[in-house]
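A short write-up of the structure that comes next.
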Amino acid sequence: MGDLHWKTKITGVAPNSLLVRGYRLDELMGRASFGGLVCLLLKGELPSGNHGKMIEAVLVSCVDHGATPPSTLAARTAVSTGTPLNAAVAAGILAISRFHGGAIEDCMKILHETGALIKDGGASSVREAAEIIVKKYREQGKRLPGFGHRLHTDDPRTAKLFQLAESYQVGEMYISIAKALQEQLLARSGKKLPINVDGAIAAVLCELGFDPECANAFFMIARLPGLVAHILEERNCQQPMRRIDPVDHQYDGPEQRPLPEDL
């Protein structure tokens, strides 16, 4: 061993052997889900029960949101100039930051802050804790990330994630906190600011015990397939170096259709 020797607990690679956190990768293949492997890599252990399915649902919930998000526009613009796939993907990923995708991490921190009030005796109930937090942020002139949406007044992804969370028994403390914050926002502002998908994902990730530091990673992992689809469409269907209008576009894909019975 030389002076530059170092160690990693993540993956062990040896001739004819690949260990991920101690598990043989070939044994995980066909048995563990992609969501389960995400959990294993980020937390060090495979998820229990249906928690792997919950992670899969989180990833599906934000796999794509049309052609207008900054990450998609950045990726399309990059490939329009003739850049290779990896560079266009990188352009899209680099656009995911504080104001695009970052709401999940910020919302997780607020949910933890609210939960801490209850645990430490600063509030006697979820409702009281939510009231304290909403009052604090409104007095500071700050918005609560994870609530309200520029397009959706009742984000269907939120309801589905919470429904699955109940079905998969992932926990209810942080989901209850998110709902209480939503109620307090309405009571104090008179405006309906429903929990958006970022807030729902934040609550679910809190229930699953993930650190807020991982939040943006989930958004980036989920968005990658959507970015690739947009990049390939831009390359194959549009003229190079075109001026891309971020608003004036039309969906011309398949009409809404039922899911296959065997899915």
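Coordinate-derived values only; no laboratory data. Every value quoted in this text rests on a predicted model; they were computed, and no experiment measured them. When we count neighbours, we look across all protein chains shown, and the Cβ atoms used for this are built from the backbone with ideal geometry, even at glycine.
For the range 57-154, run through the trypsin sites (Lys or Arg not before Pro) and keep only the ones in DSSP coil with at most 16 other Cβ atoms within 10 Å of their Cβ.
Answer in residue order: R98, K142, R143, R150.
Counting only other residues whose beta carbon sits under 12 Å from that of S61, what net charge do I get with K and R as +1, D and E as -1?
Spelling it out: positives minus negatives among the neighbours equals -1.
Counting other Cβ atoms within 10 Å of each Cβ, which GluC sites (Glu not before Pro) in the range 186-263 have at most 10 and sit in a DSSP loop?
Sparse-neighbourhood loop GluC sites (Glu not before Pro): E255, E261.
How high is the relative contact order of the range 1-49, given as a whole-number percent (alpha carbon pairs under 8 Å, six or more residues apart)?
Reported as a whole number, the value is 24 percent.
How large is ³J(HN,Hα), in whole Hz, for each residue of the range 145-161 in order, when computed from phi with the Karplus curve 6.51 cos²θ - 1.76 cosθ + 1.60 and θ = phi - 60°, using x for Gly and Pro?
With the stated coefficients, the range 145-161 comes to x, x, 10, x, 8, 5, 10, 8, 8, 8, 4, x, 5, 5, 4, 5, 4 Hz.
Under a point-charge model restricted to the Cβ atoms of Lys and Arg (+1) and Asp and Glu (-1), what is the dipole moment magnitude of the chain relative to its Cα centre, in debye to the nearest 20?
580
Dipole size in debye (nearest 20) for the range 112-263 around its Cα centre, Lys and Arg Cβ +1, Asp and Glu Cβ -1?
So the magnitude is around 660 debye.
Output wanted: per-residue J couplings in Hz (rounded whole) for the range 69-86, from phi through Karplus 6.51 cos²θ - 1.76 cosθ + 1.60, θ = phi - 60°, x for Gly and Pro.
Per residue, the Karplus-derived 3J(HN,Hα) values read x, x, 5, 5, 5, 5, 5, 5, 4, 5, 5, 5, 8, x, 5, x, 3, 5 Hz.
Taking springs between alpha-carbon atoms closer than 10 angstrom, which of A130, A180, A103 fluctuates most in the Gaussian network model of the chain?
A180
Quick one: give the max-minus-min coordinate of the C-alpha atoms of the range 62-244 along each principal axis, largest first, in Å.
The principal-axis extents, from largest down, are 60, 33, 25 Å.
Taking the alpha-carbon centroid of each part, what is the distance from the range 177-199 to the range 40-111 in angstrom?
Spelled out, the Cα-based centre of one part sits 24 Å from the other.
Report relative contact order for the range 62-244 in percent, whole number only (criteria: Cα-Cα under 8 Å, sequence separation at least 6).
Across the range 62-244, relative contact order equals 36 percent.
Note the full-extension length gain between E261 and R21 as 0.36 nm times their separation in residues minus their Cα-Cα distance, in nm to one decimal.
Net length gain for the segment: 82.8 nm.
In a shell of Cβ-Cβ distance under 12 Å around S17, excluding S17 itself, what net charge do Lys and Arg (+1) and Asp and Glu (-1) give?
Summing Lys and Arg as +1 and Asp and Glu as -1 gives -1.
Mind listing the long-range amide H neighbours of R143? Cut-off is under 5 Å, sequence gap 5 or more, other chains count too, H placed in the peptide plane at 1.01 Å from N.
Distant-sequence amide H within range of R143: zero hits.
Among L40, H65, L4, which residue has its Cα furthest toward the positive end of the charge dipole of the chain, with +1 on Lys/Arg Cβ and -1 on Asp/Glu Cβ?
Of the options given, the answer is L4.
Under a GNM of the chain (C-alpha, springs under 10 Å), which listed residue has the highest mean-square fluctuation: A75, A187, A178?
Its mean-square fluctuation being the largest, the pick is A187.
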